[in-house]
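Step one of this worksheet: look at the structure below.
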């Protein structure tokens, strides 16, 4: 089975998207990944956009990636 590293851009984005979906907000959204998690921090910035509609669009796209990845693993 392929394991994702915390340095993987896909892992970082999925981690931040799921945390946001579960209610985490603010500057600490990507903090557990560490300062070097560039992709996670960039997504956290996009999820902090002032426009609610834009945040929803960003989150929907990222959650869609997570769902497709889970489906791909489930149907192997």
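Kindly evaluate residue 24 against the criterion of being closer than 19 Å to residue 8 by Cα and without any contact (Cβ under 8 Å) to a residue 40 or more places away in the chain.
Working: closer than 19 Å to residue 8 by Cα: no; without any contact (Cβ under 8 Å) to a residue 40 or more places away in the chain: yes.
Taking the combined requirement at face value, the residue does not satisfy it.
Among residues of region 29-58 that are over 12 Å from residue 15 (Cα atoms), those with a Cβ under 7 angstrom from a residue that is in a loop (DSSP other than H, G, I, E, B) and at pLDDT below 95, sequence gap 6+ or separate chain, pair up as 47/29.
The values are calculated or read from the model by the stated rules, or taken from the named source; none is laboratory data. Since this is a predicted model, take the numbers as computed values, not measurements. No Cβ is skipped: glycine too gets one built from the backbone with ideal geometry, and neighbour counts run over all protein chains shown.
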